[in-house]
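Okay, so here's the structure we're looking at.
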């Protein structure tokens, strides 16, 4: 696979993370400007934001959980030259599932949609790690 094909899903995942950061900031700033929240209620990280602002915050925070394993795997697969077509397809499945999960989180917050998207992404990532492990462990040991 080409480096471009391998890294494009990574760039989309990074764009999703920044998009959620800006959405969270926009929603929080709107609430602060409209005086919908008191400074004392949120200054220490309390989750006293209105639902839409908290949903954006939660969706943003989620990008630093399971995607960490994705961001760890991609460079390993590149360095070891184990990123094949299946790896790229599974990368896209993971990233698209993250997009669906985030979209559900910041709109309707529909738990069945969020959970299904999370599960699809988690299984795609698990398959990527298993495939990578098999590819690495099946190499002959140096003499």
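The values are calculated or read from the model by the stated rules, or taken from the named source; none is laboratory data. Computed from a predicted structure; not experimentally measured. Here the Cβ is made from the backbone with ideal geometry for all residues, glycine too, and neighbour counts use every protein chain on show.
Key figures
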{"item": "Any chance residue 143 is part of a loop (DSSP other than H, G, I, E, B) and either modelled with pLDDT of 95 or more or over 30 Å from residue 26 (Cβ atoms) (or both)", "result": "yes"}
{"item": "Count - residues of the stretch 74-86 that are within 18 Å of residue 96 (Cβ to Cβ) and touching a helix residue (DSSP H, G or I) at 6+ places or on another chain (Cβ under 6 Å)", "result": "2"}
{"item": "Helices (runs of 4 or more DSSP H) within the stretch 1-112 that include 2 or more residues under 13 Å from the mean Cα position of the chain (by Cα)", "result": "3-33, 51-62, 67-79, 85-106"}
{"item": "Members of the stretch 87-112 that are more than 20 Å from residue 126 (Cβ to Cβ) and either surrounded by fewer than 17 Cβ atoms within 10 Å (Cβ to Cβ) or out of contact with any helix residue (DSSP H, G or I) (no Cβ under 8 Å at 6 or more places or on another chain) (or both)", "result": "103, 107, 108, 109, 110, 111, 112"}
